[in-house]
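Values in this text are rule-based calculations from the coordinates and carry no lab data. It should be emphasised that the depicted structure is a prediction, and the values quoted were computed from it without experimental measurement. As a convention, Cβ positions derive from the backbone with ideal geometry for all residues, glycine included, and neighbour counts pool all protein chains shown.
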Amino acid sequence: MNGTTKTKAGAASAASAKDVVDRSKTKDISSSSSSSSSSSSTEVESKISTELYFISCVVGIYIFYLLYGIYQEQINALKFGEKGLVFGKYTAFLLAIQSFVNYASAKVYQVATREGPDKTPFHEYGFSSLLIVISTFLSNTAIRYISYPTQVLAKSCKPIPVLLMGVFFYRRKYPISKYFIVAIITLGVSLFMFPSSSKKSNKSNPTEDDGLVMYGNLILLLSLLLDGIIGPFQENYVKKYSPTSNSMMLNTNLWNTIFMTAIVFINGELFEAIDFLFTYPEIFSTIAVFCITSALGQHFIFMTTKRFGALNCTTITTTRKFLSILVSIFWFGHPLSQLQWLSIGMVFSGLGLDVYQSYLKKSPSKEKKVE
């Protein structure tokens, strides 16, 4: 009798234990399913957040730099008074204001985000900033003699000076495809900048305008050459000290402000420019939008570089420059020949191939991002 009772008790106990195990398994499965669902949901939300952030960066770069281009062209196109005075001739004064606004916006960002101190010695930014000042001064001066689309197209062609500097000064070797790309870009720019050279050669007496356009093209090409020199100097202190993108913007623009202010005092622009502003205060709003869009555009470029890498940023800015040219052509009515339209296509086809090659060499996931 006792044996039967013990057997029944053991069976009951085993059944109870099995029930507990089954419940435990059910809970584990439920918990695992819930965890998997939660993880999947988080990944989807993270992906959506990243995509929205990328879209906001693209929209920011497009909007602010398109506006920047329009107002930059207006500064050089709007005429005031009976003599048709243009504020764009005060290039150094305008760039000094622009550099200061860029510096101020970077400083505000530094304080707002409590960004740590920059380990890069301040003087390290000096020489590259001087080159940037000269390059920017030349390219902005060129707009007084050539069209804005010409300036944007030429300044888009940084692969040319980069390759020249790499070959002749750093003894670097490039694949044949790189030379092919640069050849396409060079030919396209040449056809755009000198579309009617054959017609002009038939003239016995070139006009003054022809000479001014040639002068504008030459100083623009010099500006492009300086762009190729700037890169290696920036690479040196970036590799050595790893400054944040905002620190680079802050210190570079502080140096730019110092250099441009010195130029303003040396060339005597200061009082003339101030007198112009007080005589024709309606130009204030145009200058303000020009400077603010420049600063905000720079921030979006740095945000894109930090989050998505330099390669994605290059792709965005390349397409943005193409759109800037189209907006300028249709907004301000710049007449273009069929050959010039073809040359624009050649330049951006070359730039597109250059970007595509970069994607093939380095996947976005492995690309080093600027912190």
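Arrange Tyr237, Tyr356 by Cβ neighbour counts within 10 Å, fewest through most, would you?
Tyr356, Tyr237
Listed highest first by mean packing, meaning other Cβ atoms within 10 Å per residue, what order do 175-182, 210-217 come in?
For the peptides 175-182, 210-217, the packing ranking is 210-217, 175-182.
Using a Förster distance of 35 Å, how high is the FRET efficiency between Leu336 and Lys240, based on the Cβ-Cβ distance and rounded to 0.05?
Working from the Cβ atoms, E equals 0.20.
Only sites in a loop by DSSP and with at most 12 other Cβ atoms within 10 Å count here; which GluC sites (Glu not before Pro) in region 81-150 make the cut?
Passing both the DSSP loop test and the Cβ count: Glu82.
Exposure proxy check: Ser349, Ser129, Ser99, Ser247 ranked by fewest other beta carbons within 10 Å?
Lowest count first: Ser349, Ser247, Ser129, Ser99.
Using a cut-off of 15 Å between beta-carbons, work out the net charge of the residues near Ile160 (Lys and Arg +1, Asp and Glu -1, Ile160 not included).
So the environment of Ile160 carries a net charge of +3.
Say each of Ser358 and Ser49 gets a label point 7 Å from the Cα, pointing the same way as Cα to Cβ; how far apart are those two points in nm?
2.8
Evaluate the Kirkwood expression for the hydrodynamic radius of region 29-361, namely the inverse of the mean inverse distance over all pairs of different C-alpha atoms, and round to one decimal in Å.
22.0
Starting from the 7 Å offset along Cα-to-Cβ, what nm value, one decimal, do you get for the label separation of Arg172 and Ile274?
It is 4.5 nm.
Are there any GluC sites (Glu not before Pro) in region 261-345 that are in a DSSP loop and have at most 12 other Cβ atoms within 10 Å? List them by number.
Glu282
Once phi is turned into θ = phi - 60°, what whole-Hz ³J(HN,Hα) does the Karplus curve with 6.51, -1.76 and 1.60 give for every residue of region 277-283, x standing for Gly and Pro?
Listing the rounded values in order: 5, 6, 6, 10, x, 5, 6 Hz.
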